[in-house]
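What follows is a short report on a single structure.
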Amino acid sequence: MRSKLVTTVVGTVLALVLAACGQDAGGTSGKGDAEAVKAAKAEIEAASAALTFTPPGPPLDAAKARGKSIHIVAVNLAVPILAHVAKYVEELGSELGIKVTVSNAEDQVTGMQQGIQVAINGKADVIAILGVPTDLVRDKLRDADKAGIPVINVLNNPIDLKAPGQGAGPEFWASVGTDLELGGRLIASKAVLDTDGKANVLFVDSEGLAPEPPVVKGIKQVLDACKGCTLQTKNVPLADWGTQITPLVVTSIRANPNLNYIITLFDGMAIFATAGVQQAGAVSKVHVVSHNGGSAALALVKQGDVFTADPGVSEEWSAWATVDQAMRAMLGMQPANPLVPYLYLDTAAVKDIDVTKERDVYGDSFIPGFRKLWGLK
């Protein structure tokens, strides 16, 4: 994710230390966990198949949405996945005759609130929220509801089809998202598999991001079940990714000679973690894994020396799903299935792919699929 999202405004920065699994604190010596390795391999294999499109709901007539509008409120367009999704929604909106406007809050609570108010004042037909923590804008979301404007939460919450807002909460009409818990399980599984069940992990978290809890849950599910693994967590706020992650990794490697894997919450963080491994001279010893599947991160995965895997979701597919949900709201239909599928991506998977071309990475089955669903040629 990519993505694939706020932190400086959320409150006190906490540093969690999650419980170590089993008794082998060394991680690189001693007995590994064969059952954990078997489970990790199965998890990864299941998420490695080529993606195929399944219609998320009944057909709709996209022509009837022409002239309507979507207003996007993004927590910070410096987050690549958010910027890319917003760009793809704008491009698709232009083709469909739907006006798309964007507010970039740049991590500021006032910017988030003002972005929603701009949409209300402008009488937008739909509001799409990218990465904005619900608790910080709840009153404004209620104002949008009072104004009759449906709000869609995009890549920002665990999906629950039986819950209000498809898991986003009662302030939302619908969601677009992926199985974030699966993302956490996949990246932890990679660490377990590569270390033969003896992963000594530093997890670099970024508390306060709305998608964070299910990712952490997935990571802990895998590593808590691994008897030969250990897990330590450090927190780095979004605004400090570029300045704190690299030195944190260097210091951690030097302090813990048994450290062999670094997991980051999102792949934008893993780029800085990779630099830390290189600066610490630990390229052959410590590896990095994350998720979101963005092109810059996948370029490092393709090299294969430090950053080993970056499963994720197609940002463009996520944008098309967002527009699909928005049109259903505009046309008085019921929300569609909000899930965008995950794809496991490691060095072997991308070695012969141009990772700068997202459709080469994830495929493009969603394009003819959505176009047919919308009655377009």
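So here's what we get for this one:
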| read-out | value |
| --- | --- |
| Filtered residues of region 219-232 (kept if over 16 Å from residue 267 (Cα atoms) and of a type outside the set (Lys, Arg)) | 221, 222, 223, 224, 225, 226, 228, 229, 230, 231, 232 |
| Scan of region 189-207 for residues that are more than 13 Å from residue 266 (Cα to Cα) and of a type outside the set (Lys, Arg), ordered by number | 189, 191, 192, 193, 194, 195, 196, 197, 199, 200, 201, 202 |
| Check on residue 270, modelled with pLDDT of 95 or more and either crowded, with 24+ Cβ neighbours inside 10 Å or more than 23 Å from residue 85 (Cβ to Cβ) (or both) | yes |
| The one condition in (1) in contact with a Ser or Thr (Cβ under 7 Å, 6 or more places away or on another chain); (2) of a type in the set (A, V, I, L, M); (3) open to solvent by 40 Å² or more (accessible area, probe 1.4 Å) that residue 299 fails to fulfil | (1) |
| Boolean, residue 165 is touching a Leu at 6+ places or on another chain (Cβ under 9 Å) and either surrounded by 24 or more Cβ atoms within 10 Å (Cβ to Cβ) or not hydrophobic (A, V, I, L, M, F, W, C) (or both) | no |
| Region 222-260 - residue that is open to solvent by 70 Å² or more (accessible area, probe 1.4 Å) and hydroxyl-bearing (Ser, Thr, Tyr) and, of those, farthest from residue 278 (Cα to Cα) | 243 |
| Any chance residue 8 is hydroxyl-bearing (Ser, Thr, Tyr), open to solvent by 50 Å² or more (accessible area, probe 1.4 Å), modelled with pLDDT under 95 and not in a helix (DSSP H, G or I) | yes |
| Residue check, residue 264 open to solvent by less than 20 Å² (accessible area, probe 1.4 Å), over 23 Å from the mean Cα position of the chain (by Cα) and not hydrophobic (A, V, I, L, M, F, W, C) | no |
| Residues being touching a helix residue (DSSP H, G or I) at 6+ places or on another chain (Cβ under 7 Å), part of a helix (DSSP H, G or I) and of a type outside the set (Lys, Arg) - total across region 195-246 | 12 |
| Candidate set: region 186-221, residues that are among the basic types (Lys, Arg) and surrounded by fewer than 24 Cβ atoms within 10 Å (Cβ to Cβ); chosen: the one farthest from residue 313 (Cα to Cα) | 220 |
| Meets criteria (farther than 23 Å from residue 237 by Cβ and over 14 Å from the mean Cα position of the chain (by Cα)) for residue 149 | yes |
| Unique match (being open to solvent by less than 60 Å² (accessible area, probe 1.4 Å) and not in a helix (DSSP H, G or I)) among 70, 116, 120, 81 | 70 |
| Residues that are among the hydrophobic types (A, V, I, L, M, F, W, C) and surrounded by fewer than 15 Cβ atoms within 10 Å (Cβ to Cβ), drawn from region 30-48 | 34, 42, 46 |
| Search result, residues across region 341-359 that are in contact with a helix residue (DSSP H, G or I) (Cβ under 9 Å, 6 or more places away or on another chain) and part of a helix (DSSP H, G or I) | 347, 349, 350, 358, 359 |
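The values are calculated or read from the model by the stated rules, or taken from the named source; none is laboratory data. Since this is a predicted model, take the numbers as computed values, not measurements. Ideal geometry is used to build each Cβ from the backbone, glycine not excepted, and the neighbour counts take in all protein chains shown. With ligands, DNA and RNA removed, areas are computed over all heavy atoms of the protein, side chains included. Shrake-Rupley method; radii C 1.70, N 1.55, O 1.52, S 1.80 Å.
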